[in-house]
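The structure appears right after this line, and notes come after that.
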Amino acid sequence: MKKIASIDIGSNTVRLLILESTGNAEFKLLVSKRSITRLGEGMDTQGKLAKSRMEATLQVLSEFRQACLENGDPPLFAVATSAVREASNGQEFVHQAKKKTGIDIKIIPWEEEARLTLEGVFWKIPHNNRKVITLDIGGGSTEFILSKGKEISGFCSTSLGVVRLTEKFITQHPINEKEFLNLQNHLQNELQAVKNKLSTFPPELLIGTAGAVTTLAALKNNIYPYDPEKIHTSIFSREDAESILADLKSKSLSERLALKPLEPGREDLIIAGIVIVLETMRAFKCESLTVSEYSLREGIILKAVNSI
């Protein structure tokens, strides 16, 4: 097997990755695509996937399927996470995806999501047997993984997704201070519970992955167009995040979109994302965060390669 592909269907973003094996566990990147479809929009109030969001996601999946065909139709491993996992019509979405795009989607439990994410993260960041807390911020959920090296000591899946939190707490841009404080207080309470659960040992390192974290890195370093190599392993401090947050809070959505490193579709969600990052840093007493460009979709491929 030379080529292999994975699709990560999240609550906010759908991601495609096609790699080609060059031997010795090394891969050449052929295709990397992502599209914000907000599949999990309205899940907290409706409990099911909205028809318009499903259609938008199916359209993207059709495009991703075509990209696979154009690259030799490699084995494709597609997984769905929080939104599809929790939606009352999640199985209907999976059925529609198979019918309309030919893609078989596996809905994975959050425990498997955590393990695959960690596999992807440590593919390109040497763990050196360090004590690490890995933060994976999604649209519908956020996962916290405590590990020593690759050995997972504890993991916690929460409903602290950026789409969910934004829908629940943020209605005005620039940000209303009362709404912001309600969001901040909610996260502080929730993260205290996360810390209590993941208290086996204090982490030496905080690693963050997914869109909110990579966007923060892009904003800090003014990276545009998006460059994965510049983003990966970059580091930002608590002060960096606080400075960016203060600036974005005072801006309207259109003013935020004028910032080129801010990907359209994240202009309203980025506030919740930064607050998750900051409150996690405070809860676990981490002064900085290391960014991983690699996570679930890489973990999917590594698992598939190792099982063949």
Task: segment 206-220 - phi-based ³J(HN,Hα) in whole Hz, Karplus 6.51/-1.76/1.60, Gly and Pro as x - done: 10, 10, x, 9, 5, x, 4, 6, 5, 5, 4, 5, 5, 5, 4
Task: Greater than 19 Å apart at Cα, pairs in Lys2/Lys28; Lys195/Lys220; Lys220/Lys251; Lys150/Lys220 - done: Lys195/Lys220; Lys150/Lys220
Open item on the list: With a 1.4 Å probe and all protein chains left in place, how much accessible area per residue does the chain have, in Å²?
Closed with: 43 Å²
Open item on the list: Test of understanding: in a Gaussian network model of the chain with alpha carbons linked when under 10 Å, which of Gly23, Gly120, Gly47 would top the mean-square fluctuation ranking?
Closed with: Gly23
Open item on the list: For Phe77, what residues show an amide H to amide H distance below 5 Å, using hydrogens built from the backbone and excluding near sequence neighbours?
Closed with: Ala5, Ser6, Ile7
- [ ] Taking amide H positions as placed in the peptide plane 1.01 Å from N, state which residues far from Thr37 in sequence (5 or more) or on other chains have amide H under 5 Å from it.
- [x] Thr13, Val14
Task: Loop-located GluC sites (Glu not before Pro) in segment 269-301, at most 16 other Cβ atoms within 10 Å (DSSP) - done: Glu287
Open item on the list: Can you tally the net charge around Ile105? Count Lys and Arg as +1, Asp and Glu as -1, for every other residue whose Cβ sits under 13 Å from the Cβ of Ile105.
Closed with: +3
Task: Karplus 3J(HN,Hα) series, Hz, for segment 293-306 with 6.51 cos²θ - 1.76 cosθ + 1.60 (x for Gly, Pro) - done: 6, 9, 7, 5, 5, 6, x, 4, 5, 4, 5, 4, 5, 6
TODO: Could you please report the charge total around Val132, scoring K, R as +1 and D, E as -1 over all other residues with beta-carbon less than 11 angstrom from its beta-carbon?
DONE: +2
Open item on the list: At 1.4 Å probe size, with the rest of the protein present, what percent of the exposed accessible area of segment 1-155 is carbon and sulfur atoms?
Closed with: 44 percent
Task: Rg to Rh quotient for segment 159-308, alpha carbon positions, Kirkwood Rh - done: 0.98
Open item on the list: For a quick check of your reading of the filter: which trypsin sites (Lys or Arg not before Pro) in segment 254-308 sit in a DSSP loop and have no more than 10 other Cβ atoms within 10 Å?
Closed with: Lys285
Task: ³J(HN,Hα), Karplus 6.51/-1.76/1.60, whole Hz, each residue of segment 232-239, x for Gly, Pro - done: 5, 6, 5, 10, 10, 8, 4, 5
- [ ] Report, by chain and number, residues whose modeled amide H sits under 5 Å from the one on Phe27, excluding near sequence neighbours (fewer than 5 apart, same chain).
- [x] Thr22
Open item on the list: Taking all protein chains in place and a 1.4 Å probe, what share, in percent, of the accessible surface of segment 192-297 do carbon and sulfur account for?
Closed with: 51 percent
Task: Sum of side-chain charges, Trp123 neighbourhood, beta-carbon under 12 Å (Lys, Arg +1; Asp, Glu -1) - done: 0
TODO: Enter the mean projected area of the convex hull around the alpha-carbon atoms of segment 192-267, in nm², rounded to one decimal.
DONE: 6.3 nm²
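The values are calculated or read from the model by the stated rules, or taken from the named source; none is laboratory data. Since we're looking at a predicted model, the values are computed, not measured. Methodologically, a virtual Cβ is constructed for each residue, glycine included, from the backbone with ideal geometry; neighbour enumeration extends over all protein chains shown. Calculation scope for accessible area: heavy atoms of the full protein, side chains included, ligands and nucleic acids excluded. Shrake-Rupley method; radii C 1.70, N 1.55, O 1.52, S 1.80 Å.
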